[in-house]
């Protein structure tokens, strides 16, 4: 019998456990999936926005894996200086697989990010996802204008949650405390700022389009700023390298071109 410890119970950890018990080369593999949190599923549970219920339903598939007779989930297990050491894990198991991501934020290194009212996406997402590490005080949301720095799906999630009404979020699994705060939110303007252009943004087009479909929300795109990106100014730029593009920079991907078209449509609508 081969005993394996998988550190981390997010999708990568759970599917690693599934692959271990499904393979035939080594029979009778027993897997313990360890996590420092009391509940499994990682970012599917604590990182997916509450209004994305279809994505969150992936928990049902992960639960089926953890119910396998040769897989066991062990929560509240800290690995490292404050818990069980890697050396001890090596003594208890024949193999140890680490399936963990970054546990802390990486500062941007810009002036003012340490001032009151400046928060990381991890803090905000943890708050509206009821993560055990979320600050007890939560967020007040007394400001009328908010800036979200980022050009990816997390930035879109934060923007969308701020823009939605509490009534829209009530049917979801958003925690009661966060729902009450969102109900009293004074936020009326949300600015998204990215350091790169639209053809380098990391949005998935479906997530980006959702912003334009929110009730009582108007998306404003400053075409003068976005047109600085050659792929935005010239729709055919994906067919050839733009003259102003840095050398060895590949043309935009199909997903990036779709994002550019969404942004172009918003800009044209004024």
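Rule-based calculations on the coordinates, nothing more; no lab input. Here the structure is a predicted model, which is why all the values come from computation and not from measurement. Don't worry about glycine lacking a Cβ; one is built from the backbone with ideal geometry, like all the others, and counts go over all protein chains shown.
Data for the structure
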quantity	calculated
Estimated FRET transfer efficiency when R0 is 45 angstrom, pair residue 223-residue 98 (beta carbons, to 0.05)	0.45
Given (i) 64, 49, 36; (ii) 65, 37, 36; (iii) 92, 40, 36, the label whose value is Cα extents along the principal axes in Å derived from this model	(i)
Protection-proxy order for peptides 193-200, 182-189, each taking the mean of Cβ atoms within 10 Å per residue, highest first	193-200, 182-189
Sequence-separation-based contact order of the chain, relative, with Cα cut under 8 Å and 6+ spacing, percent	15 percent
Spacing of the two label points (7 Å from each Cα toward its C-beta) at residue 173 and residue 85, in nm	3.7 nm
Projected label distance in nm at residue 22 and residue 63, using a 7 Å step from Cα toward the beta-carbon	2.0 nm
Cα centroid separation - the stretch 109-179 against the stretch 1-68, whole Å	27 Å
Relative contact order (%) - the stretch 104-195, alpha-carbon pairs under 8 angstrom, separation at least six	35 percent
By average C-beta atoms within 10 angstrom, highest first, the peptides 80-87, 11-18	11-18, 80-87
Nearest 10 degrees, 0 to 90: helix 153-163 Cα axis against the chain principal axis	70 degrees
Candidates 163, 121, 135, ranked by Gaussian network fluctuation over the chain, Cα under 10 Å, top entry	135
Calculated [θ] (222 nm, deg cm²/dmol) that DSSP helices of n ≥ 4 give over the chain, each run adding -39,500 (n - 2.57)	-9500 deg cm²/dmol
Rounded tilt (10° steps) of 254-269 against the dominant C-alpha axis of the chain	40 degrees
Distance (nanometres) between label positions extended 7 Å along Cα→Cβ at residue 216 and residue 120	3.3 nm
Solvent-free Debye scattering, log10 I(q)/I(0), computed from the Cα coordinates of the stretch 104-195 at q = 0.10, 0.22, 0.23 Å⁻¹	-0.25, -1.30, -1.42
